[in-house]
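Presented below is the structure to which this report refers.
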Amino acid sequence: MKTYKVWLVVTLVFLAGVASGAFTTRVLTRRIVRGALAHPEWVQGRIERDLHRKLRLDSRQDAEVHQVLIQSRTQLKDLRRDFEPRLRQVLSETRRQIDAVLDPTQKQQFDKYLADYPLPALTAAETPRPVQK
């Protein structure tokens, strides 16, 4: 009986560690992704540092890589600006179609889900729910 209790405690501690590790990883990953999207220059700086260190770039190569990454960031920004309206339209339509399938209780749960896991143009604030008659 004593051994059983010890194994039970060890198992519970292990499972608590797994759960807290998964939760922490999820929170940190979200924070890092949001930071990268909000500040792409941070990503560029990280790439430049990694390339400099791993490839042992000289100062000329550093400068050229820096310019290439600046141009790339500008092109990606333009690309996002071009496709974002269409993306928002598709995601809004997706939300509208899902909303049409749900009952009122599920719609409330869906709104909570979207608040917990926001996607562009799928939040309730950006996509008002149709008025029900």
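The values are calculated or read from the model by the stated rules, or taken from the named source; none is laboratory data. No experiment lies behind these values; they were computed from the predicted model shown. Cβ: placed from backbone, ideal geometry, glycine included. Neighbour counts: every protein chain shown.
Table for the structure above
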read-out	value
Ala63 farther than 21 Å from Glu41 by Cα and either touching a helix residue (DSSP H, G or I) at 6+ places or on another chain (Cβ under 6 Å) or of a type in the set (A, V, I, L, M, F, W, C) (or both)	no
Qualifying residue in the stretch 100-112 (condition: surrounded by 10 or more Cβ atoms within 10 Å (Cβ to Cβ), closer than 30 Å to Gln44 by Cβ and either at pLDDT 85 or above or touching a helix residue (DSSP H, G or I) at 6+ places or on another chain (Cβ under 7 Å) (or both))	no
Subset of the stretch 3-36 (residues that are in contact with a helix residue (DSSP H, G or I) (Cβ under 8 Å, 6 or more places away or on another chain) and either over 17 Å from Tyr117 (Cα atoms) or among the polar types (S, T, N, Q) (or both))	Ala36
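Results for (1) surrounded by 11 or more Cβ atoms within 10 Å (Cβ to Cβ); (2) in contact (Cβ under 8 Å) with a residue 60 or more places away in the chain; (3) touching a His at 6+ places or on another chain (Cβ under 9 Å), shown as yes or no for each residue.
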residue: Val10; (1), (2), (3): no, no, no
residue: Val18; (1), (2), (3): no, no, no
residue: Ala38; (1), (2), (3): no, no, no
residue: Arg46; (1), (2), (3): yes, no, no
residue: Asp58; (1), (2), (3): no, no, no
residue: Val65; (1), (2), (3): yes, no, yes
residue: Ile70; (1), (2), (3): yes, no, no
residue: Leu76; (1), (2), (3): yes, no, no
